[in-house]
Amino acid sequence: MQELHVSLLAAMPNAGYLEMHTFPIDQYTTRPLVINKDNGMAIAIAPEVTGTGVTFDWDKLAPHKQHY
């Protein structure tokens, strides 16, 4: 998950590349990853919260909920 990689790279003094994918998970999170279209670099700041730093927008996910 690319949003998680932001936190991992921020913890490294010699961070290299941020893995990015085309799965549209950004539309279901509260802090989507933003890419500068001019240079292809991520515009990201690592979150200051514990955990993975990824918070899902549960209202947007609600239509996909399945009851078993």
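The values are calculated or read from the model by the stated rules, or taken from the named source; none is laboratory data. Just so it is clear, the model here is predicted, and its values are computed rather than measured. Backbone-built Cβ (ideal geometry, glycine too); neighbour counts: all protein chains shown. Protein only, heavy atoms only, side chains kept; ligands, DNA and RNA dropped before computing areas. Shrake-Rupley method; radii C 1.70, N 1.55, O 1.52, S 1.80 Å.
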Quick query: amide H of Thr55 versus all other amide H atoms, modeled in the peptide plane; which residues come in under 5 Å with a sequence gap of 5 or more or a different chain? Thr30, Arg31
Ordering Tyr68, Tyr28 by accessible area with a probe of 1.4 Å, largest first, what comes out? Tyr68, Tyr28
Relative contact order, percent, of the range 1-63 when contacts are C-alpha pairs under 8 Å separated by at least 6 residues? 37
What Kirkwood Rh does the chain have if only Cα atoms enter the pairwise 1/r average? Answer in Å. 13.4
For the pair Met1 and Tyr17, the simple spin-label estimate (label points 7 Å beyond Cα toward Cβ) gives in nm 2.3
Measuring from its Cα centre, the chain shows a charge dipole (+1 at each Lys and Arg Cβ, -1 at each Asp and Glu Cβ) which, in debye to the nearest 20, is 100
